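Colleague: The structure under discussion is supplied below as C-alpha cells; questions concerning it will follow.
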Amino acid sequence: MSYPYQIKNLEAYHEAYKNSIENPEKFWGEIAEHFFWRKKWDKVLEWNFKEPSIKWFQGGKLNITENCLDRHLNTMGDTPAIIWEPNNPEEQHRTITYKQLHHKVCQFAQVLINNGVKKGDRVCIYMGMIPELAIAVLACARIGAIHSVIFGGFSAQSIADRLEDAQATFIITCDGAFRGAKDIPLKAVIDDALIGNKTIHRVIVCTRTRTAVSMIEGRDVWWEDEIKKVDAQGIHFVEAAEMDAEDPLFILYTSGSTGKPKGVVHSTAGYMIYTHYTFVNVFQYQLHDIFFCTADVGWITGHSYIVYGPLSAGGTSLMFEGIPTFPDAGRFWSIIDKFKVNVLYTAPTAIRSLMGFGLGPIQGHDLSSLKILGTVGEPINEEAWHWYDEHIGHKKCPIVDTWWQTETGGIMISNMAGITPGKPGWATYPMPGVAPILVDDKGNEVTEMEEGLMRGNLCITQPWPATLRTTYGDHERCRTNYFVTYDNLYFTGDGALKNSEGQFRITGRVDDVLNVSGHRIGTAEVENAINMHSGVVESAVVGYPHDIKGQGIYAFVIYTGSHGQDTHGTSDLVRKDILQTVTRIIGAIAKPDKIQFVAGLPKTRSGKIMRRILRKIAEGEIKSIGDTSTLLDPSVVDDIVKGAI
Ligand code: WTA
C-alpha cells in the first residue's frame with residue numbers, strides 16, 4: 001500500500017487545493033483510481049444544493065470492505081489492523097491482523113445472512129468498544145446492510161426512537177460494557193427499548209461482561225453460538241455484496257436545533273474516498289504507524305478514524321475500551337507507552353480533564369513514540385493546546401486541530417501535520433475539495449475585515465465526496481436543516497473567523513445546539529426531556545462556558561408548586577427527579593449541570609423565549625443583558641438574575 005496522493009509539502013498543498021476547487025471531477029477521479037472497483041464509475045460528480053442531490057462516482061460498483069480488508073491481504077495480511085486495549089489493564093490486549101479481521105468479518109457476515117439480514121436492511125449496533133463492534137460494522141457493510149451505531153450512553157427511549165425512525169429490523173448488542181469502574185447493562189437497555197417495538201426480528205448478543213441477561217426465545221441469539229454454526233457450515237469466506245457508489249453505507253443519528261435527532265446518511269464510495277484521503281493527509285499516516293483515536297465508534301469520529309479511514313489505508317488502528325481516568329489519570333499515557341503509539345487523536349475535553357490531574361500521571365511513561373497529535377469535536381482553548389504541545393508532544397509533534405461534523409463525514413478544515421502550519425485555537429486551512437465561506441445573517445459573503453479578521457457563519461459552497469446525502473426517511477428535513485438557510489450553500493451551524501492568510505478559527509455553534517464534552521446535544525431535545533417530568537410546566541435550556549466540558553447545560557425550569565417545592569419533597573429532590581427524567585429520555589450525557597427554578601421565562605409579546613437573555617444570565621454576564629423592553633414582562637428577568645446559580 002502506498003499513498004501517491006499524500007501531500008508532502010506546502011506547495012503541494014496549495015497546488016492540490018487549487019486543482020480540487022477548479023476541477024473537482026478530475027481531482028477526485030484521479031484519487032478514486034487508487035481504490036478497488038468492481039466496475040468503474042461513469043461520472044465523477046453531479047450535484048445541486050437546491051434539492052439537494054449530490055452524486056459522486058455514479059455508475060461505479062464496489063464494496064468498502066474489499067477496500068478496507070481484501071485488498072490488503074496479499075501484501076499486509078499479517079499486519080495488525082486493530083490493536084485492542086481492554087478497560088482493565090490487567091486483562092490481555094488483543095491484536096487482530098488484516099487476515100484475521102477479514103476472516104472474522106466474513107464469519108459474522110455469514111451470521112447476519114443466516115439470520116436473514118439482507119442488503120439494504122437497517123441494523124442497529126449498540127455495543128461497547130470491543131473489536132466485535134468494528135467487526136459488526138464491517139460485516140454489515142460486507143453484505144450491504146445499512147448500519148446504525150448508537151452510542152452506549154443513550155437511553156432505551158433514545159434507542160426506541162432511532163429504531164422506529166430507521167425502521168431497523170436487526171440489533172447487534174452485548175450483554176454489557178465495561179467503562180471505568182462501571183458495568184453498563186447494554187442488553188437490558190435494549191430489552192427496554194424493544195417494549196412495544198414491532199420491527200425487530202432478531203437481537204444478536206455478544207458476550208463481554210457476563211452480566212445476567214434475559215434471552216427471549218425466537219428473538220435473541222448469542223453471537224458465539226451463531227459463529228459456531230458458521231464454523232460447522234465450513235464457511236470461511238463471504239463474497240462482498242456489489243454496491244452502487246451511491247448506496248447508503250450507514251445512518252448515524254445526531255442532534256440538531258429542533259426536535260428529535262436526525263439520521264444522517266452517508267454513501268459508500270464518496271465517504272470511503274474522503275475519509276481515506278483525509279486520514280492519510282491530515283495525520284500524514286505512514287505504513288505501520290500505530291494510530292490511536294480515542295473516540296467511541298458510536299460517534300462519527302470513531303466511524304471515520306477508527307474504522308474506515310485507517311483500515312482503507314492498511315493502517316493499524318488502536319481501539320481502547322475504557323476511559324482516560326481508569327484505573328488512573330495516566331491511562332492514555334500508559335497505552336501510548338505500551339504500544340508505542342505514533343499518532344494520538346483526542347478531544348479537547350479529555351485534554352482539559354487530564355490537565356487537571358497535573359503532571360504526575362504522565363511521569364514514568366515514555367511518550368517518545370508520538371509523532372503527531374490531533375484534536376476534534378470542539379474549539380480548543382490555548383491553555384489546553386499549549387499543555388498538549390509541551391507535556392504530551394514535547395514540542396516536537398505537530399498538533400492538527402480538525403474541524404468537521406457528523407454531516408461532513410470527514411475532516412473539513414485542519415492543518416496537515418508538519419505540512420501546513422498550525423496555530424493554537426485555529427483549525428486553519430480547508431482540505432482539498434472543501435470551499436468554505438463566511439456569510440452574514442442575510443447570506444451575503446463577508447469580505448470586510450475588522451481588526452484583521454472576518455467574522456461570519458460558516459458555509460460550504462460546493463460538495464465534497466463525504467457530504468451527507470439525506471436524513472433518513474425525510475429528505476425535506478435534510479434540505480431545510482442544511483441547504484435552505486442560505487441559498488445554494490451548505491450551512492454548518494458554526495460561526496467562524498478568517499484571517500488574511502485564509503486560516504479559519506471556529507468559534508462555536510450559532511444555532512441552538514450545545515457541545516458538551518464534544519457531544520452534540522440540542523437544547524430543544526433537553527427541554528423536551530425535562531418537560532416530560534410531571535411537575536414541569538415549561539423549561540428553557542442554554543449553554544454556558546464550563547472549564548472541562550467546554551459547555552455546560554443550564555436549565556431554567558418552571559415547576560408547579562412554589563419554586564420547586566411540592567409533595568415529593570424539597571427542591572433538591574425535584575432536581576434529582578428531573579435529572580433522572582433526562583437520563584431516562586436521552587441518556588446521562590444530556591443531564592443539566594445546573595437547574596434553576598423560576599416563576600416565569602423572558603418572552604417576547606409573541607411568546608418566543610429570549611434565549612439571548614438566559615444565555616447572558618447563565619454566563620454570569622448580567623451587566624450585558626441588554627434591552628429587555630420588548631419583553632412581555634421585563635420583571636421576570638430581575639427575578640431570574642436574583643436566583644441565578
Ligand atoms: C464542533 C464531530 C471547533 C462544531 C467531528 C461542529 C469543532 C460540531 C471542531 C460537530 C474543532 C468539531 N474546532 N469546533 N476542531 N470539531 N467541532 O457532529 O461545533 O459530533 O459543528 O462531529 O462540533 O460535532 P459532531
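No value in this document is a laboratory result; all are computed from the given coordinates. What you see is a predicted model; the values in this text were computed from it and never measured. For neighbour counting, all protein chains shown are included, and Cβ atoms are generated from backbone atoms with ideal geometry for every residue, glycine included.
Colleague: Using packing as a proxy for protection, rank 465-474, 159-168 so that the peptide with the highest average count of other Cβ atoms within 10 Å comes first.
Modeller: Most protected by this proxy first, the peptides run 465-474, 159-168.
Colleague: What FRET efficiency do you get for Thr211 and Asp441 if R0 is 51 Å and r is their Cβ-Cβ distance, rounded to the nearest 0.05?
Modeller: Using R0 = 51 Å, I get an efficiency of 0.50.
Colleague: Sticking with this structure for a sec: Return a single number: how many Lys pairs in the range 59-202, at a sequence separation of 8 or more or on separate chains, have alpha-carbon atoms below 30 angstrom apart.
Modeller: Total qualifying Lys-Lys pairs in the range 59-202 comes to 15.
Colleague: Kirkwood hydrodynamic radius (Cα pairs, Å) of the chain?
Modeller: 25.5
Colleague: Given +1 on the Cβ of Lys and Arg, -1 on the Cβ of Asp and Glu, and no further charges, what dipole in debye does the range 98-241 carry about its Cα centre, rounded to the nearest 20?
Modeller: 320
Colleague: Moving on to the next point. Using a simple charge model, +1 on the beta-carbon of Lys and Arg, -1 on the beta-carbon of Asp and Glu, nothing else, what dipole does the range 264-372 show about its Cα centre, in debye to the nearest 20?
Modeller: 120
Colleague: Calculate I(q)/I(0) for the range 197-308 by the Debye formula, one identical point scatterer on each C-alpha and no solvent, and give its log10 at q = 0.16, 0.18 Å⁻¹ to two decimals.
Modeller: The Debye formula, applied to the Cα set alone, gives -1.19, -1.27.
Colleague: Please work out the FRET efficiency for the pair Leu359 and His236, using the Cβ-Cβ distance as r and a Förster radius of 60 Å; give the result to the nearest 0.05.
Modeller: It comes to 0.75.
Colleague: Something else about it: Read phi for every residue in the range 624-634 and hand back ³J(HN,Hα) as whole Hz from Karplus 6.51 cos²θ - 1.76 cosθ + 1.60, θ = phi - 60°, with x for Gly and Pro.
Modeller: 9, 4, x, 5, 10, 5, 7, 6, 4, 9, x
Colleague: Put a dot 7 Å past each Cα toward the Cβ at His288 and Ile227; how far apart are the dots in nm?
Modeller: Inter-label distance under the simple model: 2.9 nm.
Colleague: Rounded to the nearest 20 Debye, what is the dipole magnitude of the chain about its Cα centre when Lys and Arg each give +1 and Asp and Glu each give -1 at the C-beta?
Modeller: 500
Colleague: Okay, next question. Any chance you could get the radius of gyration and Dmax over the Cα atoms of the range 79-231, in Å?
Modeller: When restricted to the Cα atoms of the range 79-231, Rg and Dmax are 14.8, 46 Å.
Colleague: In nm, to one decimal, how far is the modelled label at Ser2 from the one at Glu451, with both set 7 Å along Cα→Cβ?
Modeller: The modelled label-to-label distance comes out at 5.0 nm.
Colleague: Under 20 Å from a label point 7 Å along Cα→Cβ of His386: give me every residue in the range 311-348 with its amide N that close.
Modeller: Only 348 fall inside the zone, counting backbone N under 20 Å.
Colleague: Report, for the range 538-640, the % of DSSP beta bridges that are antiparallel, rounded to 5.
Modeller: Of the beta bridges lying entirely in the range 538-640, close to 75 percent run antiparallel.
Colleague: How much length, in nm to one decimal, is gained on full extension between Glu22 and Ser635, taken as 0.36 nm per residue of separation minus their Cα-Cα distance?
Modeller: Stretched out fully, the Glu22 to Ser635 stretch lengthens by 215.0 nm.
Colleague: Among Gln6, Trp84, Val105, flag the residue with its Cα farthest along the positive direction of the charge dipole of the range 1-118, charges on Cβ as +1 for Lys/Arg and -1 for Asp/Glu.
Modeller: Val105
Colleague: Using a simple spin-label model with points 7 Å from Cα along the Cα→Cβ vector, what separation in nm is obtained for Ala181 and Gln58?
Modeller: Distance between label points: 5.8 nm.
Colleague: Can you tell me the length gained on complete extension of the stretch Asp366 to Arg94, counting 0.36 nm per residue apart and subtracting the Cα distance?
Modeller: 95.8 nm
Colleague: Check Gly374: other-chain or 5+ apart residues with amide H under 5 Å from its amide H, H built from backbone geometry?
Modeller: Hits under the 5 Å cutoff: Leu344, Tyr345, Thr346, Val400.
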